[in-house]
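Notes follow the structure.
The values are calculated or read from the model by the stated rules, or taken from the named source; none is laboratory data. Fair warning: this is a prediction, and the values are worked out from it, not measured in the lab. Note that we place each Cβ from the backbone using ideal geometry, even for glycine, and neighbour counts take in every protein chain shown. The accessibility values were calculated without ligands, DNA or RNA, using every heavy atom of the protein model including side chains. Shrake-Rupley method; radii C 1.70, N 1.55, O 1.52, S 1.80 Å.
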Amino acid sequence: MKIIGTGSVLPKQIVTNDMLSEFLDTSDAWIYPRTGIKHRHVISDEKLEDMAIEAAKKALDDAGMKAEDLDFIICSNVVNEYITPSLSCIIQGGTGAACPCIDINCACAGFIYALDFAEAQYRAGRVQNVLIVCAEEPTRMTSWKDRNVCVLFGDGAGAAVLTAGDNIKGIKLSAASSTEKLYQIRKLEPTPYITKEEVDIPLQMKGQDVFKFAVKASSGDIQYLLDKLGMTPDQVDKYLLHQANIRIINSIREHLGQPEEKFPTNVETHGNSSSASCPILLDECNRKGILKRGDTLALSAFGAGFISGAAIMEW
Ligand code: ACO
């Protein structure tokens, strides 16, 4: 397939590190050097589904495609207001599409997993036009009393429209189950047959373990694909990585021996928006003219599970 349109939406509320230090024992002096984050966009009176629909419409507009021409919608999401129906079904209605749709939960690696799913459906001859929307509100998953976690995240939605083409050169998906390193647990409805005490547990994270996994998985996935395609890191024009932490991005860059200008970032102003991070960055680079048609792009993301994925494509 090939990507022919992108779109993104951020919530209007900006929360700076200084604003966090008004109610948390933290500071810009701690957060910025360790993460590269100056501020993040946080959902307030917006609804995630509205942001997802708006991002989808922007991507369709950019692609010059009507919603009714879509053959499939894939939505990557970890949490939103609705447990059911699926967010993709809400997006289908909101955009006026009439095609089947599915939600996936692959944490921050969702965009890469969605690309793989779309490509597989296309190669099976089942679809021509696919909309991917990654919509996330991780700020609703964390405890805002936990300075270890809540300072890292921001919300947003990113979308991409794909159609027939052979621009996707390779995708590598990986998983290495280690569920105690990054997780959130929600309390389900009680039944007469449940006797154990249940509690909601907000997002928990062993930061240094996540950091090590992220660097190893992301540089490993990219290198695997480069080797498979007979390419060197120098032949990639832009690396669009999951925007979790500037130090993670820099470590991956050093593993690949590549210059800073090949790694566009927005973690400084957006924080980590989970699976929305990659398509938001892609959209911003697209609209700013940072990507040139014919450029070779490497995308890579990692997240809870642990799972990770990378894709190499021609823009
Ligand atoms: N402000 C001030 N102090 C803090 C804060 C904060 N926001 N957070 C933690 N600290 C303190 C800790 O309590 C600890 O104090 P102690 O030494 O007295 O116990 C100290 O700072 C050091 O904590 P560390 O965890 O050792 O700090 P580290 O240098 O590892 O940085 C960080 C922490 C930034 C979280 C880093 O480990 C990291 O970036 N990990 C990856 C996290 C990530 O990317 N997660 C998401 C990826 S997956 C996904 O996207 C869902």
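Laid out as a table, the results:
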{"quantity": "Residue 179 being crowded, with 18+ Cβ neighbours inside 10 Å, over 16 Å from the mean Cα position of the chain (by Cα), within 16 Å of the ligand (Cβ to nearest atom) and not in a strand (DSSP E or B)", "calculated": "no"}
{"quantity": "Top-ranked residue of the stretch 1-36 - restricted to ones that are touching a strand residue (DSSP E or B) at 6+ places or on another chain (Cβ under 7 Å) and part of a loop (DSSP other than H, G, I, E, B), ranked as farthest from the ligand (Cβ to nearest atom)", "calculated": "1"}
{"quantity": "Number of the condition not met by residue 251 [criteria: (1) touching a Lys or Arg at 6+ places or on another chain (Cβ under 6 Å); (2) within 14 Å of the ligand (Cβ to nearest atom); (3) open to solvent by 20 Å² or more (accessible area, probe 1.4 Å)]", "calculated": "(1)"}
{"quantity": "Residue 162 being of a type outside the set (D, E, K, R) and either surrounded by 18 or more Cβ atoms within 10 Å (Cβ to Cβ) or under 20 Å from residue 40 (Cβ atoms) (or both)", "calculated": "yes"}
{"quantity": "Selection status of residue 102, surrounded by 24 or more Cβ atoms within 10 Å (Cβ to Cβ) and either over 21 Å from residue 127 (Cβ atoms) or of a type outside the set (D, E, K, R) (or both)", "calculated": "no"}
{"quantity": "Segments classed as helices (runs of 4 or more DSSP H), wholly inside the stretch 213-293, with at least 2 members that are of a type in the set (A, V, I, L, M) and under 30 Å from residue 80 (Cα atoms)", "calculated": "246-256, 277-287"}
{"quantity": "Those residues of the stretch 14-31 which are under 21 Å from the mean Cα position of the chain (by Cα) and surrounded by fewer than 16 Cβ atoms within 10 Å (Cβ to Cβ), in sequence order", "calculated": "14"}
{"quantity": "Some residue of the stretch 205-218 being more than 13 Å from the ligand (Cβ to nearest atom) and either surrounded by 12 or more Cβ atoms within 10 Å (Cβ to Cβ) or of a type in the set (Val, Ile, Thr) (or both)", "calculated": "no"}
{"quantity": "Given (1) small (Gly, Ala, Ser); (2) within 17 Å of residue 109 (Cα to Cα); (3) open to solvent by 10 Å² or more (accessible area, probe 1.4 Å), index of the condition residue 294 fails", "calculated": "(2)"}
{"quantity": "Residue satisfying condition, being in contact with a strand residue (DSSP E or B) (Cβ under 7 Å, 6 or more places away or on another chain) and open to solvent by 100 Å² or more (accessible area, probe 1.4 Å), within set 224, 239, 193", "calculated": "224"}
{"quantity": "Some residue of the stretch 135-144 being in the same structural domain as residue 45 (by TED's automatic domain parsing), among the hydroxyl-bearing types (Ser, Thr, Tyr), touching a Leu at 6+ places or on another chain (Cβ under 6 Å) and within 16 Å of the ligand (Cβ to nearest atom)", "calculated": "yes"}
{"quantity": "Residues of the stretch 264-276 classified as out of contact with any Asp or Glu (no Cβ under 8 Å at 6 or more places or on another chain) and within 16 Å of the ligand (Cβ to nearest atom), total", "calculated": "6"}
{"quantity": "Selected residue (criterion: nearest to residue 204 (Cα to Cα)) from residues of the stretch 89-99 that are touching a strand residue (DSSP E or B) at 6+ places or on another chain (Cβ under 7 Å) and surrounded by fewer than 23 Cβ atoms within 10 Å (Cβ to Cβ)", "calculated": "89"}
